[in-house]
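Novice: The structure's right below; bear with me while I get my questions together.
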Amino acid sequence: MPKAQETVLEINLNALHHNFEHLKSKLQPPTKFLAVVKAYAYGSDACEIANYLQDLEVDYFAVAYINEGMVLRKAGITKPILVLHPQTVNFKQLIEHCLEPSLYSFKILKEFMEVASADELSNYPVHIKFNTGLNRLGFDEKAVDDIVLKLKTSEAIKAKSIFSHLAASEDLGEKAFTKNQIERFKTIANNFTKAIGYKPILHMCNTSGILNYPEAHFDMVRSGIGLYGFGNSEKENQNLQPIGTLKTVISQIHQIKNGESVGYNRGFKSNTTIKTATLPIGHADGIGRQYGNGKGYVTINNLKAPIIGNVCMDMIMVDITHIDCNEGDEVIVFGKNPTAETIADTANTISYELITSISQRVKRVFLK
Ligand SMILES: *Cc1c(COP(=O)(O)O)cnc(C)c1O
């Protein structure tokens, strides 16, 4: 790969392939694989990633919102797309683009049935979501009979799957809680299947669920963060490869004298002579203010350069006193080493937040 000449997010599709194969190797052969590509495929590029995975024969895709699914359809994705958090106002577009809604309450079930019936649809695939402990979205387990009664009143829609979401699958200290969620889902699945008279696809596991709870894979698993190279534990990270490397360059080098300051509001004040580099990446690119004032760092010639002063909208300044480097040199923000998880940790956040924050103005470059 040529050295970066501007801020770029390099996306390694071979690493994506590796992660997909690794996660697949954890499944029994008939288990279906749903790739979660919401939020621009966790900040990378949803269309490029989904097209690559479609060729690798993933079975399903999921996005959070309807407009994300519409973009995938326009980019040539023909596999089924589950919309995890559809909004009623966009149901027309959802149907026009053959997107499949998650229905999680009687209100949204009724609203979708009305639209589907008015459109004279038949057996339109929907996914019924149950709450088993996350307490975010989902029907209560006691709703099974009423849901089935409602579904039986109409030919317009059909429950293609029923699913739930784990609250703490990465946290081995919460094993008992997670096992309870799995048992509750099993009961729901049995009751639902009996009442409706056929067997929908059952799914529950996210990435850490795949890795930690093989007994809960059911008919399909849903992986996001694992595909992008993070396993939520040191052990699992060893088997996965971060697909994204965020790079930038040194725009200018300054000598800062004793008593001088750096950046807005004089966020950094020097009590000695130091050398700083100004980099073309700021909070509008996804490096939040919480990384400023010595918390986060970038890597130049394999050495750490702490971010000093406040993060600006389009720039950061880093301390390079101890680094032999020049204007125009490449800078690593995160990638293989340090990973986004390591950098996220400096600001008390997680890989998910850092990678999904990389804004759309950062150029994406793909390695195959
Ligand atoms: C985002 C999401 C996932 C993916 O979770 P990862 O931890 O990234 O694998 C799976 N299921 C649901 C319902 C989600 O919202």
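The values are calculated or read from the model by the stated rules, or taken from the named source; none is laboratory data. Nothing here was measured: the structure is a model prediction, and the numbers come from that model. Don't worry about glycine lacking a Cβ; one is built from the backbone with ideal geometry, like all the others, and counts go over all protein chains shown. SASA here: full protein model, heavy atoms, side chains in, ligands and nucleic acids out. Shrake-Rupley method; radii C 1.70, N 1.55, O 1.52, S 1.80 Å.
Novice: Identify, from the list Tyr198, Tyr213, the residue that is at negative phi, aromatic (Phe, Trp, Tyr) and loosely packed, with under 15 Cβ neighbours inside 10 Å.
Specialist: One residue alone meets the criteria, Tyr198.
Novice: Another question, if that's okay. Do we have any residue at all in the stretch 26-35 that's modelled with pLDDT of 95 or more, in a loop (DSSP other than H, G, I, E, B) and in contact with a strand residue (DSSP E or B) (Cβ under 8 Å, 6 or more places away or on another chain)?
Specialist: Among the residues of the stretch 26-35, at least one is modelled with pLDDT of 95 or more, in a loop (DSSP other than H, G, I, E, B) and in contact with a strand residue (DSSP E or B) (Cβ under 8 Å, 6 or more places away or on another chain), which makes the answer yes.
Novice: Still on this structure, I have one more. Take the conditions hydroxyl-bearing (Ser, Thr, Tyr), surrounded by 15 or more Cβ atoms within 10 Å (Cβ to Cβ) and within 16 Å of the ligand (Cβ to nearest atom) and apply them to Tyr52. Does it pass?
Specialist: Spelling it out, it is not the case that Tyr52 is hydroxyl-bearing (Ser, Thr, Tyr), surrounded by 15 or more Cβ atoms within 10 Å (Cβ to Cβ) and within 16 Å of the ligand (Cβ to nearest atom).
Novice: Follow-up. Among the residues that make up the stretch 217-235, is at least one of them hydroxyl-bearing (Ser, Thr, Tyr), within 30 Å of Lys363 (Cα to Cα), touching an Asp or Glu at 6+ places or on another chain (Cβ under 8 Å) and more than 16 Å from the ligand (Cβ to nearest atom)?
Specialist: Looking for residues that are hydroxyl-bearing (Ser, Thr, Tyr), within 30 Å of Lys363 (Cα to Cα), touching an Asp or Glu at 6+ places or on another chain (Cβ under 8 Å) and more than 16 Å from the ligand (Cβ to nearest atom), one finds none in the stretch 217-235, hence no.
Novice: While we're looking at this one, here's another question. Could you list, in sequence order, all residues of the stretch 193-239 that are touching a residue at least 12 places away in the same chain (Cβ under 8 Å), in a loop (DSSP other than H, G, I, E, B) and over 21 Å from the mean Cα position of the chain (by Cα)?
Specialist: Of everything in the stretch 193-239, those that are touching a residue at least 12 places away in the same chain (Cβ under 8 Å), in a loop (DSSP other than H, G, I, E, B) and over 21 Å from the mean Cα position of the chain (by Cα) turn out to be Pro200, Phe218, Asp219.
Novice: Return the pairs, sorted by first residue and then second, in which the second residue is open to solvent by 10 Å² or more (accessible area, probe 1.4 Å) and part of a helix (DSSP H, G or I), the first residue lies in the stretch 96-121 and is touching a residue at least 12 places away in the same chain (Cβ under 8 Å) and of a type in the set (Lys, Arg), the beta carbons are less than 8 Å apart, and the residues are 6+ apart or on different chains.
Specialist: Pairs found: Lys110/Lys150.
Novice: Can you report the number of residues in the stretch 144-176 which are over 19 Å from Lys199 (Cα atoms) and over 30 Å from the mean Cα position of the chain (by Cα)?
Specialist: 0
Novice: Which condition number in (1) open to solvent by less than 40 Å² (accessible area, probe 1.4 Å); (2) away from the ligand (no atom under 16 Å from the Cβ); (3) under 20 Å from Glu6 (Cα atoms) is the one that Leu354 fails?
Specialist: With (1) open to solvent by less than 40 Å² (accessible area, probe 1.4 Å); (2) away from the ligand (no atom under 16 Å from the Cβ); (3) under 20 Å from Glu6 (Cα atoms) applied to Leu354, the lone miss is (2).
Novice: May I ask you to verify whether Ala39 is in contact with a strand residue (DSSP E or B) (Cβ under 8 Å, 6 or more places away or on another chain) and of a type in the set (Gly, Ala, Ser)?
Specialist: no
Novice: Still on this structure, please answer the following. So which of Gln238, Gln255 is more than 16 Å from the ligand (Cβ to nearest atom), polar (S, T, N, Q) and under 30 Å from Ser25 (Cβ atoms)?
Specialist: Residue meeting the stated conditions: Gln238.
Novice: Could you figure out which of (1) touching a Phe, Trp or Tyr at 6+ places or on another chain (Cβ under 8 Å); (2) away from the ligand (no atom under 16 Å from the Cβ); (3) more than 27 Å from Pro2 (Cα to Cα) isn't true of Ile307?
Specialist: Ile307 satisfies all of (1) touching a Phe, Trp or Tyr at 6+ places or on another chain (Cβ under 8 Å); (2) away from the ligand (no atom under 16 Å from the Cβ); (3) more than 27 Å from Pro2 (Cα to Cα) except (3).
Novice: Let me ask something else. Please verify whether Ala176 is closer than 25 Å to Phe139 by Cα, open to solvent by 70 Å² or more (accessible area, probe 1.4 Å) and not polar (S, T, N, Q), treating the condition exactly as stated.
Specialist: yes
Novice: Looking at Leu103, Leu23, Leu84, Leu109, which one is open to solvent by less than 10 Å² (accessible area, probe 1.4 Å) and within 16 Å of the chain's Cα centre (by Cα)?
Specialist: Answer to the check: Leu23.
Novice: Let me ask you something else. Applying the selection to the stretch 323-368, what residues are acidic (Asp, Glu) and either more than 18 Å from Lys38 (Cα to Cα) or assigned to a loop (DSSP other than H, G, I, E, B) (or both)?
Specialist: Matches in the stretch 323-368: Asp324, Glu327, Asp329, Glu330, Glu341, Asp345.
Novice: Is it the case that Tyr213 is of a type in the set (Phe, Trp, Tyr) and away from the ligand (no atom under 16 Å from the Cβ)?
Specialist: In short, no.
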